[in-house]
Amino acid sequence: MNLNLSILLFTLICSLNSFSQSRFFRDSLHSLSLDEQRFLTIYLPENYDTSGSTKYPVIYTADGQLITESYQHRMDSLIANKLVPPFVLIGSHSNETPVGGGMEYRNLDYMRMTYNPAKPLTARFEQHLVFFSEELIQYAESHFQISGKPQDRTFYGMSNGADFGVALAQDHPELIKNYVLMSVFNGSSIPFKWQKKDGLYFYFGYGLKEPEHVGEEALRMEKYFIQNLMLHTLITWNGGHDRKEWEATFVEALIQLNKPEDKN
């Protein structure tokens with residue numbers, strides 16, 4: 001076989017094993033724990049390698065329906081400018097179906113509550129925790145070329161989604177090592193129990209124009225992290241409970257996560 005043909009075949013094989021542009025699409029899986037279909041937003045980076053030779057860092061997000069094409073453009077730019085390595089994002093959509101009293105299934109999924117057998121909906125938090133910590137991660141790792149190492153996993157949540165991130169980190173500190181939590185809204189209903197040896201890193205923040213309790217919860221978390229010598233970065237912005245602010249801070253967080261020498 002002549003040299004030019006060999007090069008052509010090699011190039012063709014490489015192109016078949018990767019996507020030349022990033023991909024941004026919707027997926028779904030059926031949750032046995034919740035007994036319902038859950039939708040996902042998936043981001044795969046440019047030149048995503050399907051051969052299995054590359055295992056990408058992964059970001060798991062709450063409220064995946066908020067991860068829009070605007071996020072895709074920002075993620076593409078971060079990777080193209082080598083500010084972060086290529087990564088995969090798995091955005092788990094929340095269930096926004098109303099349940100009465102101004103509440104949605106989303107609120108029940110994200111906020112810890114005491115189980116009452118007479119009120120089946122009080123089981124939703126634990127059911128969703130099983131879905132996210134077991135079913136979602138197992139599905140993602142079986143369908144995409146992502147790392148299963150806890151240090152290569154990041155959680156991203158906003159508002160009540162950030163509340164869920166706090167609970168996830170409390171119940172499963174071994175699962176995910178990096179947390180990006182914006183505007184933790186209701187905070188933790190149980191005392192923090194993290195330790196420095198857990199190896200967790202929290203990048204979290206709040207807007208100076210948000211309800212007062214949001215800032216108070218962030219400061220309570222910061223105090224705990226300082227007392228326990230835990231890695232963390234607290235930021236603020238001159239705004240409120242705002243999705244565009246969260247999107248901007250998401251970009252800043254990803255850059256920070258890849259500068260470990262700058263973490264507190």
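So here's what we get for this one:
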item: Given (1) farther than 15 Å from residue 23 by Cα; (2) open to solvent by 10 Å² or more (accessible area, probe 1.4 Å), number of the condition residue 73 does not satisfy; result: (1)
item: Neighbours by Cβ (under 9 Å, 6+ apart or cross-chain): first from the range 92-112, closer than 24 Å to residue 155 by Cα; second open to solvent by 40 Å² or more (accessible area, probe 1.4 Å) and β-branched (Val, Ile, Thr); result: 104/97; 105/97; 105/99; 106/97; 107/99; 108/99; 112/190
item: Subset of the range 33-42 that is assigned to a loop (DSSP other than H, G, I, E, B) and over 16 Å from residue 140 (Cβ atoms) - its residue that is least open to solvent (accessible area, probe 1.4 Å); result: 34
item: Among residues of the range 126-148, those that are under 22 Å from residue 161 (Cα atoms) and touching a Leu at 6+ places or on another chain (Cβ under 9 Å), counted; result: 12
item: Matching residues in the range 52-110 - criterion: being small (Gly, Ala, Ser), modelled with pLDDT of 95 or more, assigned to a loop (DSSP other than H, G, I, E, B) and over 22 Å from residue 138 (Cβ atoms); result: none
item: Residue pairs meeting the criteria (Cβ under 8 Å; at least 6 apart or on separate chains; first within 13 Å of residue 180 (Cα to Cα) and of a type outside the set (D, E, K, R), in the range 236-264; second surrounded by fewer than 16 Cβ atoms within 10 Å (Cβ to Cβ) and modelled with pLDDT under 95); result: 256/262; 256/263
item: Residue 254, sole failed condition from (1) out of contact with any helix residue (DSSP H, G or I) (no Cβ under 7 Å at 6 or more places or on another chain); (2) crowded, with 17+ Cβ neighbours inside 10 Å; result: (1)
item: Residue in the range 129-168 that is most open to solvent (accessible area, probe 1.4 Å), counting only those that are under 21 Å from residue 66 (Cβ atoms) and of a type in the set (Ser, Thr, Tyr); result: 139
item: Any pair with Cβ under 6 angstrom, 6 or more apart, that starts in the range 19-30 at a residue that is at pLDDT below 95 and surrounded by 11 or more Cβ atoms within 10 Å (Cβ to Cβ) and ends at one that is outside any strand (DSSP E or B) and not polar (S, T, N, Q); result: 21/46
item: Filter result for residue 133 (without any contact (Cβ under 8 Å) to a residue 12 or more places away in the chain and either polar (S, T, N, Q) or not in a helix (DSSP H, G or I) (or both)); result: no
item: Candidates 239, 187, filtered to the one that is outside any helix (DSSP H, G or I), open to solvent by less than 50 Å² (accessible area, probe 1.4 Å) and at positive phi; result: 187
item: Subset of the range 111-147 that is modelled with pLDDT of 95 or more and hydroxyl-bearing (Ser, Thr, Tyr) - its residue that is farthest from residue 38 (Cα to Cα); result: 147
item: Residues of the range 116-125 satisfying the condition of being under 19 Å from residue 166 (Cα atoms) and either of a type in the set (S, T, N, Q) or free of Cβ contacts under 8 Å to residues at least 40 places away in the same chain (or both); result: 122, 123
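The values are calculated or read from the model by the stated rules, or taken from the named source; none is laboratory data. As the structure is a prediction and not an experimental result, all values here were calculated from the model. When we count neighbours, we look across all protein chains shown, and the Cβ atoms used for this are built from the backbone with ideal geometry, even at glycine. Accessible surface areas use protein heavy atoms only, side chains included; no ligands, DNA or RNA. Shrake-Rupley method; radii C 1.70, N 1.55, O 1.52, S 1.80 Å.
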